[in-house]
1. Condition test on ALA55, is it open to solvent by 50 Å² or more (accessible area, probe 1.4 Å), out of contact with any His (no Cβ under 9 Å at 6 or more places or on another chain) and assigned to a helix (DSSP H, G or I)?
2. Yes or no: ASP71 modelled with pLDDT under 80 and assigned to a helix (DSSP H, G or I)?
3. Can you tell me which residues in the stretch 5-51 are at pLDDT 85 or above, of a type in the set (Phe, Trp, Tyr) and within 30 Å of LEU72 (Cα to Cα)?
4. Of THR112, THR100, which residue is at pLDDT 90 or above and β-branched (Val, Ile, Thr)?
5. Within the group ILE12, ILE68, ILE17, which residue is of a type in the set (Val, Ile, Thr), exposed (fewer than 13 other Cβ atoms within 10 Å of the Cβ) and farther than 30 Å from THR100 by Cβ?
6. All but one of (1) more than 30 Å from PHE99 (Cβ to Cβ); (2) of a type outside the set (A, V, I, L, M, F, W, C); (3) open to solvent by 90 Å² or more (accessible area, probe 1.4 Å); (4) modelled with pLDDT of 85 or more hold for LYS2, so report the exception by its number.
Amino acid sequence: MKNKSDFAEWFIASYMILFGVLLFLYEAVWWCTVASLNKLIRKNFGFMYNIRGKALYLIFVAVLCIGINKDLLGNMDWLRWVSGIGWGAAGVGLLVLSFTNQQLFENYYVPTKGMTDSPADDGINETV
């Protein structure tokens with residue numbers, strides 16, 4: 001039975017890495033928009049482009065962090081609590097703000113590069 005438990009813990013840990021990479025790429029698209037990456041993330045993970053969707057995503061990641069078995073982390077058990085509470089607080093904070101202070105997000109515009117059909121927006125730099 002221990003092998004199944006170990007596999008489940010490593011499976012959750014690998015998903016945590018994938019979710020972290022997804023969040024990193026999503027945030028990176030806001031700073032330097034790559035058309036193909038923006039299109040891929042928006043097509044497959046469109047909920048991230050909404051404040052409430054992103055908040056629920058952060059809460060989900062927090063639950064996964066806290067749910068990791070403490071034996072897997074050994075002396076680093078504090079890490080699951082710090083990261084889980086941090087992600088959860090960010091998610092709950094965004095969710096509360098989205099319901100109570102909606103004018104805060106009036107200027108929240110998602111990147112559109114790669115989402116239009118114009119040739120100038122296909123991600124290829126044209127030389128003049």
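The values are calculated or read from the model by the stated rules, or taken from the named source; none is laboratory data. Small disclaimer: the values here were computed from a predicted structure and weren't measured. Don't worry about glycine lacking a Cβ; one is built from the backbone with ideal geometry, like all the others, and counts go over all protein chains shown. Just the protein is used for accessible areas: all its heavy atoms, side chains included, with ligands, DNA and RNA removed. Shrake-Rupley method; radii C 1.70, N 1.55, O 1.52, S 1.80 Å.
1. On the way: open to solvent by 50 Å² or more (accessible area, probe 1.4 Å): no; out of contact with any His (no Cβ under 9 Å at 6 or more places or on another chain): yes; assigned to a helix (DSSP H, G or I): yes.
Considered against the rule, which asks whether it is open to solvent by 50 Å² or more (accessible area, probe 1.4 Å), out of contact with any His (no Cβ under 9 Å at 6 or more places or on another chain) and assigned to a helix (DSSP H, G or I), ALA55 comes out as no.
2. Details: modelled with pLDDT under 80: yes; assigned to a helix (DSSP H, G or I): yes.
Yes, satisfied.
3. Residues satisfying the conditions are TYR15, PHE19, PHE24, TYR26, PHE45.
4. On the way: THR112 fails: at pLDDT 90 or above.
None of the other options fit; the residue is THR100.
5. Numbers: ILE12 fails: exposed (fewer than 13 other Cβ atoms within 10 Å of the Cβ); ILE68 fails: exposed (fewer than 13 other Cβ atoms within 10 Å of the Cβ).
Being of a type in the set (Val, Ile, Thr), exposed (fewer than 13 other Cβ atoms within 10 Å of the Cβ) and farther than 30 Å from THR100 by Cβ holds for just one of ILE12, ILE68, ILE17, which is ILE17.
6. It fails just one condition, (4).
Yes/no per residue for (1) in a helix (DSSP H, G or I); (2) open to solvent by less than 90 Å² (accessible area, probe 1.4 Å); (3) among the basic types (Lys, Arg):
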| position | (1), (2), (3) |
| --- | --- |
| ASN75 | yes, no, no |
| TRP81 | yes, no, no |
| VAL92 | yes, yes, no |
| LEU95 | yes, yes, no |
| GLN103 | yes, no, no |
| TYR108 | no, yes, no |
| PRO111 | no, yes, no |
